[in-house]
Structures are given as structure tokens and as C-alpha cells.
Amino acid sequence: YQPYVGDIDDVRIYDRALSSDEIYQLYAGPLPSNDLCTDAVAIGEGDTSFTNINATTDGPALPLGCAEGGELGFAADIWFTYTPERSGTVTVSTCGQVDYDSRLAAYLGSCGSLEIIACNDEHPDCAIACWLVSTPHRAVQ
């Protein structure tokens with residue numbers, strides 16, 4: 001047993017055991033505003049700045065076809081929504097945007113009943129990031 005030597009700047013007493021997410025939040029800092037599916041941020045065409053620092057994981061498991069890196073899920077996921085302005089194909093890329101191995105997925109539907117339409121974990125033209133090309137879509141009228 002090693003006694004603690006140092007200053008204590010915060011003491012909290014709880015009447016229950018904390019979940020791992022609750023403990024993480026006590027020490028990690030604030031969550032991104034789009035940490036949960038229900039808090040997805042609307043984006044348009046062009047570059048979108050983002051961070052997944054301190055993000056939790058709430059996405060659904062991925063199908064086997066999306067397991068390019070061997071894992072069937074996301075870690076520290078963040079959420080966006082996109083409504084097309086015109087018909088065509090959507091391309092999303094983290095190439096040149098991140099310095100870690102990223103993974104992308106596109107869904108139709110609402111949180112709790114999402115249908116995956118595209119996913120990508122690796123791209124030959126971008127060593128640690130990925131590109132995602134979704135199925136053709138029509139502009140919302």
C-alpha cells in the first residue's frame with residue numbers, strides 16, 4: 001500500500017457505484033456537442049471541422065462487411081446529419097483531416113432504427129484516414 005502524497009482539489013461522494021462513462025467524464029473534460037446520435041450536428045457541402053476528443057461510444061455494431069480493420073464498432077464516435085441540396089453521390093473523407101486511423105459510416109433513418117448504407121475503414125490513397133462514398137441520393141424537395 002502506498003499512501004497518497006499531494007493535494008486533493010476535488011472530493012465527491014456518491015450513493016452508488018459510478019459507470020465507467022461517468023468516471024471518464026469526471027476526469028476527461030467536456031464531451032463534443034455531437035457525441036450522441038440524438039445530438040448530431042447538421043453539415044453541408046465543404047470542409048467541416050470536428051473533434052472526437054473525449055467522445056464516448058454509442059453507435060450500433062457494424063456488419064461484417066465493414067470490419068476491414070477487424071473490429072465491428074466505433075470508438076469515440078461523433079455524429080453528423082446531411083441533407084443533400086441536389087441529386088448525386090456523396091463523398092466523405094477524413095484524409096488530411098486526422099492523424100489517427102479513422103472509420104466512417106453512413107446511415108438512413110433515425111437514432112435507434114438506423115440502416116447502414118455505406119462504411120469504410122481504409123483507403124489506399126490515404127494511409128490512416130478513410131473515404132466514404134455513399135449510394136446515389138436525390139435532393140430533398
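The values are calculated or read from the model by the stated rules, or taken from the named source; none is laboratory data. Keep in mind that what you see is a predicted model, and the values were worked out from it rather than measured. Note that we place each Cβ from the backbone using ideal geometry, even for glycine, and neighbour counts take in every protein chain shown. These area figures cover heavy atoms from the full protein model, side chains too; ligands, DNA and RNA do not enter into them. Shrake-Rupley method; radii C 1.70, N 1.55, O 1.52, S 1.80 Å.
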So which residues in the range 108-124 are outside any loop (DSSP other than H, G, I, E, B), touching a residue at least 24 places away in the same chain (Cβ under 8 Å) and open to solvent by 30 Å² or more (accessible area, probe 1.4 Å)? Ile116, Cys119, His123
Cβ contacts < 7 Å: first residue open to solvent by less than 70 Å² (accessible area, probe 1.4 Å), restricted to the range 35-47; second residue of a type in the set (A, V, I, L, M), any location; separation 6+ or different chain. Result? Asp35/Ala55; Asp35/Ile78
When you scan the range 63-80, how many residues do you find that are in contact with a Gly (Cβ under 7 Å, 6 or more places away or on another chain) and modelled with pLDDT of 85 or more? 1
